[in-house]
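Data first, discussion second: the structure below is written as structure tokens.
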Amino acid sequence: MTHATTPLLELRGIRKHFGASRALAGVDFSLHGGEIHALCGENGAGKSTLMNIIDGIHQPDAGEIFLRGEKVVIGGPSHAMQLGIGLVHQEIALCGDATVAENIFMPEVNASRRTWMDYGRLNARAATVLARLGQDIAPDRRVEELSISNQQLVEIAKALSLDCKVLILDEPTAALTEVESAALFRVLHELKAQGIGIIYISHRMAEIFAHSDRATVLRDGRDVFAGAIADTTPDGLVRCMVGRDLGCYYPPKQAEGTVPEPLLEVDDLADGDRVNGISFTLRRGEILGISGLVGAGRSELAETVCGLRRARRGSVRLRGKPLAIRRYGDALRHGIAYLSEDRKGAGVFLDLPIAQNVSSMALRCVSSRWGLLERGKERKLASDLGTKLKLKSDGVAIAASSLSGGNQQKVAIAKLLATNPAVLLMDEPTRGVDVGAKSEIHHILRELANQGVGVVVISSELPEIIGLCDRALVIHEGRLAGELAGHQMTEESLLRLASGFSAQEKS
């Protein structure tokens, strides 16, 4: 990588407060054309605030911004776009009622004064942009009909449609599979070769070290490291992020040869659509991984088990007892709880306080004998679970919307733990969570398993499946493609099964 003496984008001494809370304390940052610059830090470190300042969403309290050596004041997102700055947010912000093509070219559609839109041309242009990402998503399909991963790809395509010189990507692969992520990185390296500067926010160390040229680490609103990726290590970067040695990232697994009694038994389960005759057993105290490409039926399997999707055939047994699960409330009463992959849409009530979020599925635990809600019990429940999950907040009375994405995820997990479940179905439990919090969640899941809870983890991160889970099931096109355990669990074997090959078969 080579870059000119003058940075493409430079920030000097950026400060920002929100009331009495300090978000940034004099941050310096630079981005050169033709580089991928990783921005790292725990949730709440100031990454999103800094990017929102670059995008004009927030104005800094102090500090200066330079674009191609000239001082600028970025008045808002539209102004940022005019200056050649494109930002893809971590949280999906698309118009569900509009088509894929309309979302990709939304500014153009809104600005059009024509009575009739040339949708044939618009769809063709959208298909071209999506093809760069290796996707064949139908441009005329409504966004609300897409999976979370495909919605994320539309967000990225929307940014790529802009003639931007600075591209900011906030956790772009959080909802993508390994295959989809690889396609995205191919595009990013093409953009880099064209001289575009890319700011890449991610908690995934493997991605950072495989694709970034430089890294800047924020901690508590300050830049504590800035340098070439070649001059540091993953452990060194993590130490800068958390301010300490993280220790063992993944907790110890079950001892090999351990075969506890079956807890949850699923036999020939099908929903008539995405789940086609899947059978598996979850054992007491086990963490069972479910892997596969997005769209393979992983989430649909969990939703069918817990009654969020109607089962057309098959059976579910808990501790040997057949269950009649027609709706999610039935599953909860039997001790089966599900964490959705869609944190924003189904994980937390953003406008409600943390305490009310945590108690929302366990009202009996915080009510009096006469059925009246006791706020003191509610606050204690939320506080105890928040402490267990190391939730960073200013108290359980604040709205969940004020929390970082990672801390919102912890609130979503706390809601499930409040129900005292026997089985936890966790769909992407660490998506958008920083490296320190990820490790904490991994250890919490293992602690629950050690207490006898059965845990199912659906994850698009192969290292998470391999490092955390005792066994892994791989789903391909709605069917069980295989089961792996111990040394059999490798990225290659998981990907082969997910792609429709046997674990040993050569493509």
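Of note:
- Taking θ as phi - 60° and the Karplus parameters 6.51, -1.76 and 1.60, the scalar couplings of region 249-255 work out to 5, 10, x, x, 8, 4, 5 Hz in sequence order, x denoting glycine and proline.
- Those chymotrypsin sites (Phe, Trp or Tyr not before Pro) in region 112-214 that DSSP places in a loop and that have at most 13 other beta carbons within 10 Å: Trp116
- Calculated [θ] (222 nm, deg cm²/dmol) that DSSP helices of n ≥ 4 give over the chain, each run adding -39,500 (n - 2.57): -9000 deg cm²/dmol
- Inter-part distance, region 446-507 to region 193-221, computed on C-alpha centroids, equals 28 Å.
- Share, in percent, of DSSP beta bridges within the chain that are antiparallel, nearest 5: 55 percent
- When peptides 128-138, 284-294 are ranked by their average number of other Cβ atoms within 10 Å per residue, the highest-first order is 284-294, 128-138.
- Residue-by-residue Karplus 3J(HN,Hα) for region 327-332, coefficients 6.51, -1.76, 1.60, Hz, glycine and proline x: 8, 4, x, 5, 4, 4
- Taking every Cα-Cα distance in region 108-181 and sorting them into 10 Å bins starting at zero, the pair-distance distribution P(r) comes out as 17, 48, 30, 6, 0 percent.
- Residues with amide H under 5 Å from that of Ile168, placed H, sequence gap 5 or more: Gly86, Leu87, Val88, Ile199
- Span-like helix criteria (full DSSP H runs; alpha carbon extent of at least 30 Å along the helix axis; mean Kyte-Doolittle hydropathy of at least -0.5) are satisfied in the chain by no helix.
- Segments 48-55, 304-311 sorted - mean Cβ within 10 Å per residue, highest first: 48-55, 304-311
- Ranked packing of 434-445, 490-501, most packed first, by mean Cβ within 10 Å: 434-445, 490-501
- Stokes-Einstein translational diffusion, region 1-160 - Kirkwood Rh over all Cα pairs, 1.002 mPa s, 20 °C, in µm²/s: 121 µm²/s
- Length, then width, then depth: along the principal axes, the Cα atoms of region 284-363 run 39, 31, 28 Å.
- Gyration tensor (alpha-carbon) shape descriptor, region 46-123, a/c threshold 1.5: prolate
- Using the Cα coordinates of region 262-498, the gyration tensor eigenvalues translate into equivalent-ellipsoid semi-axes of 30, 21, 15 Å, sorted from longest to shortest.
- Two numbers describe the Cα atoms of the chain: Rg and Dmax, which are 23.4, 72 Å.
- Normalised contact order of the chain, rounded percent, pairs of Cα under 8 Å and 6 or more residues apart: 15 percent
- Amide H contacts of Cys40: Thr216, Val217, Leu218, each under 5 Å away and 5 or more positions distant or on a separate chain (H built 1.01 Å from N in the peptide plane; Pro and chain starts excluded).
- Cα gyration tensor shape for region 252-323, rounded if a/c is under 1.5, else prolate or oblate: oblate
- Cα gyration tensor shape for region 323-418, rounded if a/c is under 1.5, else prolate or oblate: oblate
- For Ser367, the amide hydrogen comes within under 5 Å of the amide hydrogens of Glu374, counting only partners 5 or more places away or on other chains and with H modelled in the peptide plane.
Values quoted throughout were computed directly from the atomic coordinates according to the rules given, and no laboratory measurement underlies them. Quantities reported herein were computed from a predicted structural model and do not represent experimental measurements. FYI the Cβ positions are ideal-geometry reconstructions off the backbone, even for glycines, and counts take in every protein chain you see.
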